[in-house]
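Here's the structure we're looking at; comments come further down.
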Amino acid sequence: MADVENVIIVGSGPAGYTAALYTARADLDPLVIEGFAWGGLLQQTTEVENFPGYRDGVQGPVMMQELRDQAERFGSRFITDDATRVELSDGGIHTVWIGDEPHYAKAVVLSMGAQHKKLGVPGEDLLSGRGVSYCATCDAAFFREHETIIVGGGDSAMEEAIFLAKFAGRVAVVHRRNEFRASAIMQDRARAAGNIEWLTPYHVEEFLAGEKGALATVRLKHAETGETRDHAATGAFIAVGHLPQSELVLGQVDVDENGYVKTDGSSTRTNLKGVFAAGDLVDHTYRQAITAAGSGCKAALDAEWYLRDTPPAVDARPASEAIEA
């Protein structure tokens, strides 16, 4: 019994740490395999002003540390390493590996999150948080009356442009084709804004800093002629999609065509009994810290109810390894 955990949480960030907090308060003694990059995308964020309870805002890494500390206060345990392999059962004992070291659990919460797709151009990483952003909903208010750009051509790019236009002095939508993937209605809404312009067919070649070390210029290249031009902008928002970090569980839990883990209705249940998923790993719509935290709460409650209502799991390991569950 001692070496089979009640719950293992794979991943951290708002979803994983909230799941840890709730399962710890339910006396489930959770083990969190939080990864080397613990805290998720908020570790790469500066000021967070839209998370409830922080009246004056908070630095992303500070908020993640406080969430982690709160979960630890109630008994959550952490391994700051990456899970390298999982063997998920359907209602039995699940195994999560860190290198050659297996960890066993009756329930697993998957919260590996998602990563922003990057352009991979010079200056992008250097100026991330200093003018280059991946979330207008998060950061638009910092760019009141600024010259800005949105990079992308889908519905998400249009949504970002429309939101950003409420704050910025000017928004230029940069897309490598003359045609957009976005739906007609989203394009119409964006075109109705008086301060959105269109730069097509261009792609970003480089982000350049100004004298103060923040973004000042975006170098663009015409997709057909190869001509380059420098566009003045102090804010650049990359809206070319996300990559859910679901590689670890591919072939075991159901995912959609974009790699997001599928859950049952409004719950966090996956297609496997005792396996739950939360946060940006399942969310291709909202992708906010507060929605991730909320789904982490749901995953913890779903896991708690599963353990309460499910007979003892059958251990499918070889007899030499098996232990009473």
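The values are calculated or read from the model by the stated rules, or taken from the named source; none is laboratory data. Model, not experiment: these values are computed from the prediction. Virtual Cβ from ideal backbone geometry, glycine too; neighbours counted across all protein chains shown.
Annotations
- Some residue of the stretch 9-25 being outside any helix (DSSP H, G or I), out of contact with any strand residue (DSSP E or B) (no Cβ under 8 Å at 6 or more places or on another chain) and under 24 Å from residue 306 (Cβ atoms): no
- Counting only residues that are part of a loop (DSSP other than H, G, I, E, B) and either under 21 Å from the mean Cα position of the chain (by Cα) or surrounded by fewer than 24 Cβ atoms within 10 Å (Cβ to Cβ) (or both), the stretch 26-41 holds 10 of them.
- The stretch 71-128: number of residues that are among the basic types (Lys, Arg) and modelled with pLDDT of 95 or more: 4
- Of the candidates 239, 277, 233, the single residue that is in contact with a Phe, Trp or Tyr (Cβ under 8 Å, 6 or more places away or on another chain), surrounded by 14 or more Cβ atoms within 10 Å (Cβ to Cβ) and not β-branched (Val, Ile, Thr) is 239.
- Which listed residue is out of contact with any Asp or Glu (no Cβ under 7 Å at 6 or more places or on another chain) and either within 17 Å of residue 9 (Cα to Cα) or assigned to a loop (DSSP other than H, G, I, E, B) (or both), from 243, 248: 248
- Segments classed as strands (runs of 3 or more DSSP E), wholly inside the stretch 110-197, with at least 3 members that are buried (at least 22 other Cβ atoms within 10 Å of the Cβ): 147-151, 170-174
- In the stretch 198-211, the residue that is farthest from residue 174 (Cα to Cα) out of those that are of a type outside the set (Ser, Thr, Tyr) and not in a strand (DSSP E or B) is 211.
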